[in-house]
Amino acid sequence: MANRLILCDCSGSQPLDRKSLEDTCGLSCSRVYTALCTTQIGEAAKEMAKGGTVIACLQERDLFEELADEIQAEMPVFIDIRDRAGWSEEATKSTPKMAALIADSLLEKPTEKLFDITSEGRCLILGSSDVALPVAEQLADILAVTILLEGVEDAPVDRRFDLVAGRLKTVTGTLGDFHLKIDALQQLDPAGRGPFQMTPPRDGAETECDIILDLRGETPLFPAPNKRDGYLRADPRNPAAVAKAVFDASQMVGTFEKPFYLKTENHLCAHSRAEITGCSKCLDICPTGAIFPDGEHVTVDPAICGGCGSCVALCPSGALTYDAPATDFTFKRLQTLADAYRNAGGKSPRLMVHDGEYGGEMISLAARFGRGLPADVIPIEVAALSGFGHAEMLAALACGFSEINILMTPKTDPETLIREQALALAIVDEPRITLLDLADPDALSDTLYRAAPAPLVDVPILPLGSRRQIARLSATALHPDTDAPIPLPEHAPYGGVVVDTDACTLCLSCASLCPTGALGDNPDKPQLRFQEDACLQCGLCTRVCPEKAITLNPQFNLSDQAFTQVVVNEEDPFECISCGKPFGVKSTIEKVMEKLAGKHPMFATTDAGKLIQMCDTCRIEAQYHSENSPFQGGERPRVVTTEDYLSKRRDH
């Protein structure tokens, strides 16, 4: 268990207040070293030998890990407080931020769930012969290479790799499991003297491979090609890009571990009911096509999933949650950062959300060569930037952050973040959330060096529950003095329904298919009830309603009424003309009478027309006792069986 913080001011380049850090972060602190990774490496070994150490340096992590192995010491925890706090124009005011970063690093991270992907090194190379052939020669001794060309004029005699001609029709799969269909396939015939010949073309050929090296310089074979494991693509006119792709392909042999990025709860999914499509947000936004319909819910192919998190941010029901790490761990980190900063004496913290690769490098460059981050801007690195949705944004503000800045990357799909930002801003009703699309570290610093507004909450929330529950808890904390509904953008996952009572016949089709039970009936009376908190705005009710009497009303109802069932339409029941028992809906029975009685052949007579006005029991009795009742016939003859025939025989 970590209990001692090892400090180094990196050759005096950052101020460190040992006493304040010891008082605020709950760990005993070493003296402040100056060159722990060079001239004082021996002191580092002594500190690590004591065990339970936290080293406040991430840059030289590899060095310290090797040292820990060498002296057989417990592996320390690593935290970067230099680039993110110490190297800053406001470094002298950064102790509360350092305390928050240290508290975040000490949280126990949940174990990732992993599965194995095996690649045997079967590589398919696509491209023109002048590019593909030299690449095949380089990879032939490492991978099992096949080249696919549109046509072959002069087949090489190198038998270290295979060569085929044809048109690639379809490709599916991922690393270790690509499936291809090829038309006009011609295979090389190595027999005979002279140049190799090609077999006659044939359509519908199918094959498999582990790796695809696409050097065509054309449209990629897959959406979001950079997220498809095992699919390497390079511009054939760029030798450096081709060389990198060749190197990457050579490393894709063996067994690899991949996280299960998502966890699914099929019973919560509102994709469809009775073959009528409702919510399809995850299907529409998934960049890799890893999500596909599977009956009334959706299924995720974990091998294809790239872990971008967009589907999680948009899922209205919580049927999809991030699991690498789990979503609740992100909420715990937000609370920990805000509480630690506040407990260390900080005021009005601001949050900056970033990814590890692009955002981490921007922060490091801004710290080393520029102004660094302000003392009140706390960076948080997340695994899936697009997965930081409206629930996380609202939770951060309700935990005590005064504003949120999200640093996008060139590879970030902005659609999800823009939609989630718009939804969160509509609920907050103040410009506290900003998307930063910057490529210059100095511009990042200049953008953040501004006065921070005061936090929106006096008492921070404890973010527990599902994303939907936390969003409601946060919205309530951000608007403590009002319970008026907040209008939301179209396609928001919260809201009510508007029922046209003149058109509604209370057929209750909507209630029978509502995936969450937001729409329900009353077994004792013709009523349609609605509970707003449960509504996902999936649209199933609007699609199934035969009268088109329902429309969606996106809003966030902060009052307690959102948790209660309210009657949105009701009518008097129709009473049976025979026994007086209430059944059906009065207006519906009257409409049926108007259309059928005296007009339809089955209800042409007065007595037949009365059947429409009877309950099920009385209707059957009336039909049984009617003059033309089929039940009035004589007793049916007994069925003759084999035993009847055998009983008349005398030979047994």
Might you let me know whether segment 99-113 holds any residue that is open to solvent by 20 Å² or more (accessible area, probe 1.4 Å), touching a residue at least 12 places away in the same chain (Cβ under 8 Å) and more than 31 Å from the chain's Cα centre (by Cα)?
no
For segment 156-171, does any single residue satisfy the condition of being within 23 Å of Leu232 (Cβ to Cβ), basic (Lys, Arg) and in a loop (DSSP other than H, G, I, E, B)?
yes
If I ask for residues that are hydrophobic (A, V, I, L, M, F, W, C) and open to solvent by less than 50 Å² (accessible area, probe 1.4 Å), which ones from segment 169-197 would you list?
Val171, Leu175, Phe178, Leu180, Ile182, Ala184, Leu185, Leu188, Phe196
Expected output for segment 1-17 (first residue more than 20 Å from Val77 (Cα to Cα), partner of a type in the set (Phe, Trp, Tyr), Cβ below 6 Å, 6+ apart or cross-chain) is Gln14/Trp87
Of everything in segment 414-465, what is part of a helix (DSSP H, G or I), within 27 Å of the chain's Cα centre (by Cα) and among the small types (Gly, Ala, Ser)? Give them in sequence order.
Ala422, Ala424, Ala426
Out of everything in segment 114-133 that is in a helix (DSSP H, G or I) and not polar (S, T, N, Q), what residue ends up being surrounded by the most Cβ atoms within 10 Å (Cβ to Cβ)?
Ala132
Restricting the first residue to segment 23-47 and requiring it to be among the charged types (D, E, K, R), which pairs with a second residue that is assigned to a loop (DSSP other than H, G, I, E, B) meet a Cβ separation below 8 Å and a spacing of at least six or different chains?
Glu43/Leu36
Suppose we filter Asp458, Asp429 for residues that are on the phi > 0 side of the Ramachandran plot and out of contact with any Asp or Glu (no Cβ under 6 Å at 6 or more places or on another chain); which single one remains?
Asp429
Take the residues in segment 611-652 that are open to solvent by less than 100 Å² (accessible area, probe 1.4 Å) and in contact with a strand residue (DSSP E or B) (Cβ under 8 Å, 6 or more places away or on another chain); name whichever of them is modelled with the lowest pLDDT.
Gln613
For segment 348-369, state whether one or more residues are free of Cβ contacts under 8 Å to residues at least 40 places away in the same chain, open to solvent by 10 Å² or more (accessible area, probe 1.4 Å) and within 25 Å of Gly465 (Cα to Cα).
no
Kindly evaluate Phe247 against the criterion of being open to solvent by 60 Å² or more (accessible area, probe 1.4 Å), closer than 23 Å to Glu357 by Cα and in a helix (DSSP H, G or I).
yes
Return the only residue of Ala443, Ala451 being free of Cβ contacts under 8 Å to residues at least 40 places away in the same chain, aliphatic (A, V, I, L, M), under 24 Å from Gly359 (Cα atoms) and surrounded by fewer than 14 Cβ atoms within 10 Å (Cβ to Cβ).
Ala451
Can you find even one residue in segment 13-35 that is in contact with a strand residue (DSSP E or B) (Cβ under 9 Å, 6 or more places away or on another chain), aliphatic (A, V, I, L, M) and more than 22 Å from Asp104 (Cβ to Cβ)?
yes
When segment 391-420 is examined, which residues are found to be out of contact with any His (no Cβ under 8 Å at 6 or more places or on another chain) and either open to solvent by 10 Å² or more (accessible area, probe 1.4 Å) or at pLDDT below 95 (or both)?
Glu403, Met408, Thr409, Pro410, Lys411, Thr412, Asp413, Pro414, Glu415, Ile418
State whether one or more residues within segment 309-328 are open to solvent by 20 Å² or more (accessible area, probe 1.4 Å), in contact with a helix residue (DSSP H, G or I) (Cβ under 7 Å, 6 or more places away or on another chain) and not in a loop (DSSP other than H, G, I, E, B).
yes
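The values are calculated or read from the model by the stated rules, or taken from the named source; none is laboratory data. Please read all numbers here as calculations on a predicted model, not as lab measurements. All Cβ positions, even for glycine, are placed from backbone atoms using ideal geometry, and neighbour counts span all protein chains on display. Accessible surface is based on the protein model in full, side chains and every heavy atom, while ligands, DNA and RNA are left aside. Shrake-Rupley method; radii C 1.70, N 1.55, O 1.52, S 1.80 Å.
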